[in-house]
Structures are given as C-alpha cells and as structure tokens.
1. Counting only protein heavy atoms and a 1.4 Å probe, tell me what percentage of segment 56-188's accessible area is made up of carbon and sulfur.
2. How much FRET efficiency would the formula 1/(1 + (r/R0)^6) give for ARG115 and VAL271, where r is the Cβ-Cβ distance and R0 is 35 Å, rounded to 0.05?
3. How much of the accessible area of segment 266-391, probe 1.4 Å, is carbon plus sulfur, in whole percent?
4. Under a 1.4 Å probe, what is the accessible area of segment 260-407 per residue, stated in Å²?
5. Using a probe radius of 1.4 Å on heavy atoms only, what accessible surface per residue do you get for segment 70-136? Whole Å² is fine.
6. Answer rounded, prolate or oblate for segment 303-385, using the Cα gyration tensor with square roots of eigenvalues a ≥ b ≥ c: rounded when a/c is under 1.5, else prolate when a/b is larger than b/c, else oblate.
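The values are calculated or read from the model by the stated rules, or taken from the named source; none is laboratory data. Here the structure is a predicted model, which is why all the values come from computation and not from measurement. In this analysis, Cβ positions are derived from the backbone assuming ideal geometry, glycine residues included, and neighbour counts consider all displayed protein chains. Remember, those area values only see protein heavy atoms, side chains included, never the ligands or the DNA or RNA. Shrake-Rupley method; radii C 1.70, N 1.55, O 1.52, S 1.80 Å.
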Amino acid sequence: MSGDLSFSSFRVVEERASSARIGVTSALSRIGAITAGTTLLQAGNGLLQALIPLRMSAAGMPVSAIGLVATAYGVGFVSGCLLVPALVRRIGHIRAFASLAAVSAVVVLLFTQARSVVDWTLLRAISGLALAGLFTVADSWISVRAQAADRGRLISVYMLATKVALMLSPLCVGLGAITGDGLFMTASALVCLSLLPLASTTSEEPQLPGSLRPNIRALARVAPSAVVGAFAVGLINGPVLALAPVFGVSIGLSPELAAALLFALQGGGLVLQWPFGWWSDRVDRRIVIAALAFGTAAVSGLVAWAGASGSPLAVIIACALWGGLALCIYATCVAHASDLVDARSIVPTISGLLICWAVGTIVGPVIAAPLMDRIGPYGLFVYSGIVALLLGLFVALRIGMRTRSPSPGGFVDLSPSSPATASLARQAGES
C-alpha cells in the first residue's frame, strides 16, 4: 500500500512539473517571435552604435561632427516616439515592424555612401526615427501578450535577450575593416533577419495599448528628482555611449578594444541593475539616485585615470563600473516617479520621463563632443563627472527639503526605449 502511495505521489509531482514546463513553454511562445526579432534588431543596432563613430573618426572627422550625428539620432528617436504610434494603430504591428525594418536596413547600407557630415547627420536621424518605431512595436507587443501570472518572467526574458545582443554585438567590429563596407552590410543583414520571426508567426498581432499625453510640467512638481534625473541621464549616457569608441581610439586602443568599451559599459549595467533595484525597493529611492550620481562622478575620474595609465584592462574595468552606476539611474527615476503618481497616471508619467531622457541625449553630445575637441578625449568623462555631480547635489538638496519618504513600489528593470515601455512597466508593476 505504501508503495502505491509513493508511486502516486511521484506521479502527482511529475504531472505538476510537466504542467509547469508546458505553462512556461506556452508563455514564452506568446513572445517568442517578437523577442527573437528584437534581439536580432538590437544586434544590428549595437554593431552600428560602435561602427558609426569609429568610421567617422577613421575618415578624419572631428569629434564635434561625431557628436552632431549622435544628436541627430536623438532628434530622430524623439520624432519616432511621437509619430510612429499613430502608424502602428493605422496598419498594425507586423506591417509597421516590416516597413520600419526595411527603412532601417536601407539606411544602414546608405551609410557606406555617406561622405559629408550632412549625409551622416541626415541618415542617423532617419535611423533613430525608424528604431524608435521598431522598439514601440516590440515593447507594446510584449506588454499586451504578458499576463499577470507570468509577466515578470516574460519581461525578464525579453530584456535579458535584447540587452545581451546589444552588449555583445559591438565586439563584431573585429570581424571586418572599419573603412570597408562589410560591417555595415552585416548590420543591415541583422536588421533584415529581424523580419523573419514576425513574418513567419501564426499568432494574432495585438492591439497597441492606448497612451495618454504626458504633462512634464505637472510631473516636475510631483517628482522633480525623477524629471531632472531622467534629463541628466540623457545628458550623461547619450554622449558616453555615442563617443566611447572614439574615446578608446583617441587614448591609443585598437578599434576592436575601443568597441569593447561598449560591451563593458552595457555589461556593468546588466550586472548591477538588479542589486541597485533591490536596494531602491527598501529605502527612499532618491537616496539611491543620489548615490548612483555621486558614484558616477567619482568613477568618471577613475576612467580618466585608467586611460592615462595606458592599461587597456584598467580602462575596460573602469568603464564596466561606470556603466554599472550610470546606466542604473534611469530605472530608479522611473520607479521613484511611479511611487508618487496615481496608478492611472503611470503611463503618461513614464512617457514624460522618456521624453526628458531623449532631450538629454540630444543636448549632451553637442556639449561633450566640442569639449573633447578642446581638452582631449578625457573631456568626455570630465563632462560626465560634472553633470553627475550636479545631479547628485540636486537630489541631495531635494532629500533635505522633503524628508518624508514615499512608500516604495515594485522595481522594474527598465531601460529607455519607446513610449510603449510605459505600458509594459505599468503592467509589470501590477503583477
């Protein structure tokens, strides 16, 4: 009898495990196509992010021109955030993704024919618009397909896959010549391949979640630390991510090692995002924002020292630590603002913060690039250190003015990508 009971218990456990595996498989199948497509897209985007500044630098263009092109990307991205949702509502997710991916792939190939700063600037603005639209499609698809029971897991899978692709793809710079066309062709091919998973999916495409118009002025009255923080993050991260390869080449690194700096920056953010998120769930989030800002200011000096030391390994380690601090500020700002607003206002709140971040990415390169031209490559991290220090001082002042700590809400590992991320974050917080 006891043997029958043991066998029966074993069967129950086995059936439950099998059911759980089927449940996970079913859940992942709902986002498999869009996750695969976006991962390929981010691989192409990451390669392009490293390749463009290196190609322009190899052509003898000044850092200020490279900064202008980075600003053009931000302008295009903001335009895409504002314009593309209407396109998606008009023709649907799959058609919009296919159209924008085709535009993006063509633009990548046109970079091989760019000769003047005007050419680079115009093409980078168009690519920014197209990528903003592609991320809008992807983020909204995930937000609709996720359910309360598995939302956290699905978002984690999606974020992890795309972040790893963005982190690893710059290393592909070593596979070809910076001055040749092969790497641009590779990036274009990755963008084209991103079409295949969605083109072959048999699942019904979702409807785009509705979004409300953000009111940044009202948000600044409620959560000034979050608004200023999001803008400062754009000011800092925009030029550093755009100009890090140029910084690397200027201090004597090979193009391959210079591209690896992007790997280090993104890798640091990937590793430290969750520990800082865990901390922010247990204290006043403004304390975490201030700590990250002051830490970024200090590590900016460390990166400059490592560059002067002549050790590539020291530079890579310092950049990883910098990314682990600076790239974690935005998500904490989003969580802080979400703590302070009504649940119905979270979508426009995050959209407003995204706009603040994007404006920062437009302004930042315009300041940082000429500073590099004037005082040398270390000007990039002098600039980032000053902005981060000012952010830390502002948030510390706000903490002193308003000692009442908001009740912490759930932390979501969030990176700025598109307006649809606002809906994704809202639903994740509700799960």
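1. 69 percent
2. The pair ARG115/VAL271 has a calculated efficiency of 0.30.
3. The computed percentage sits at 74.
4. 39 Å²
5. With the other protein chains kept in place, segment 70-136 gives 40 Å² per residue.
6. Since a/c reaches 1.5 but b/c is at least a/b, the shape of segment 303-385 is classed as oblate.
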